Amino acid sequence: MTLPPPPLRPPTPTRSPDADQKRAARGATRPGDRVFLGLSRGSGIFLLVIMAAIAVFLTYRSVIAISKDESNFLTTLEWNPTAAEPSFGIAVLVYGTIVSSIIAMVIAVPIAVGIALFITHYAPRKLGGPLSYVIDLLAAVPSIVYGLWGALVLAPQLIGLYGWLDDYFGWTGILDWQGGAPRSLFTVGVLLAIMILPIITSVSREVFRQAPQMHQEAALALGATRWEVIRMSVLPFGRSGVISASMLGLGRALGETMAVATVLSPSFEINASLLDPGGGTFAQNIASKFSEASEMGRDALIASGLVLFVITLLVNGAARMIIARRAEYSGANA
């Protein structure tokens, strides 16, 4: 006996994106959701208003100063806003800020990534936990403490390194040392590297911990070594996270004030050698001159602060563009 075929079931209706949006809109009508939505939106708008207010204030005071400048603000190697014919420029400050930050990043980023990988994939748990705690504590040390340590301990200890660099690389001119005090942009870069190392390490460590465990286990099952697992699975996943961590560290290096002012011997000249004393940075120049500056001098310092503000925005904007192009950071392609 042939059984009749089972009745066909009506197709299950699929929810369209519009239906999900309507459902979310209905949920947003709840009092708690409305309050949270308003607070979130208000916080974002308030942040934009603050940024715009800072930009307007810096631009207004900068225009006043630059309009009275008798020289070229971008290329002048002098800072004398109180003279009868005011003359001040940011060439030395741009050079010192960028060079010291590059030195710090070159030193700190590889070391920080290595420490983060050691904590997450090599160190035993009994060692990785305390080491992570110590690194997090280093990020909370005040800048002035780093500055005093750099001036009293780090700088004298770098004399041997300066001599070695001069012996083997002095012929380049960039690492030529004339025997002066080691209070140069190179020393500032080393100190900044130590200061930003905990920030980059902490963020990179958390990113590496989120690497898909199944991918790592699959690579190990196929016979990959631990380093091959890191190179093929962990590093590609965490690349954008490392970039974000590096940009956070770079932001602190660009705006660091007290530590740089304590270690550096400032002067408004650009030296070919990174080991010669002298130079300056935006933050150091503002901190050292603002308290004794006249009204014109303060406007000039604010104009230099506007340049630092723009540089910081450009750096963070470039970092966001790089991160946006790395889809594996979301974990979808890791």
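Any read-out appearing in this document is the output of simple, stated calculations on the displayed coordinates, not a laboratory observation. Since this is a predicted model, take the numbers as computed values, not measurements. Quick reminder, even Gly has a Cβ in these numbers, built from the backbone with ideal geometry, and neighbours come from all protein chains shown.
With +1 on each Lys and Arg Cβ and -1 on each Asp and Glu Cβ, and nothing else charged, work out how big the dipole of the stretch 90-330 is about its Cα centre, in Debye to the nearest 20.
For this selection, approximately 880 debye.
Take the Cβ-Cβ distance between Tyr168 and Arg30 as r, set R0 to 56 Å, and report the resulting FRET efficiency rounded to the nearest 0.05.
The formula returns an efficiency of 0.20 here.
At 1.567 mPa s and 4 °C, plugging the Kirkwood radius over alpha-carbon pairs of the stretch 67-180 into Stokes-Einstein gives what diffusion coefficient in µm²/s?
Value of D from the Cα-based Kirkwood radius: 70 µm²/s.
In what order do Arg209, Arg183, Arg41 fall by count of nearby beta-carbon atoms within 10 Å, going from fewest to most?
Taking fewest neighbouring Cβ atoms as first place, the list is Arg41, Arg209, Arg183.
When only Cα pairs under 8 Å and 6 or more residues apart are kept, what is the percent relative contact order across the chain?
Result for the chain is 24 percent.
Once amide H atoms are placed 1.01 Å from N in the peptide plane, what residues at a sequence separation of 5 or more from Phe88, or on another chain, have their amide H within under 5 Å of its amide H?
Long-range HN contacts for Phe88: Glu70, Ser71, Asn80.
Quick one: if you stick a label point 7 Å off each Cα along the C-beta vector at Glu206 and Ala55, how many nm between them?
Output for this residue pair reads 2.8 nm.
Within the stretch 106-120, what residues put their amide N at less than 19 Å from the label point 7 Å along the Cα-to-Cβ vector of Tyr133?
Zone members listed by number: 116, 119-120.
Taking the Cα centroid of the stretch 33-57 and of the stretch 71-127, what is the distance between the two, rounded to the nearest whole Å?
Centre-to-centre distance over Cα atoms comes out at 30 Å.
Starting from the exponent 0.38 and prefactor 2.2 Å, build the expected Rg for the stretch 189-274 from its residue count and divide its actual Cα Rg by it.
1.57
Express the C-alpha Rg of the chain as a ratio against the empirical globular expectation 2.2 N^0.38 Å, rounded to two decimals.
1.35
Report Rg(Cα)/(2.2 N^0.38 Å) for the stretch 88-129, keeping two decimals.
In units of the 2.2 N^0.38 Å rule of thumb, it is 1.89.
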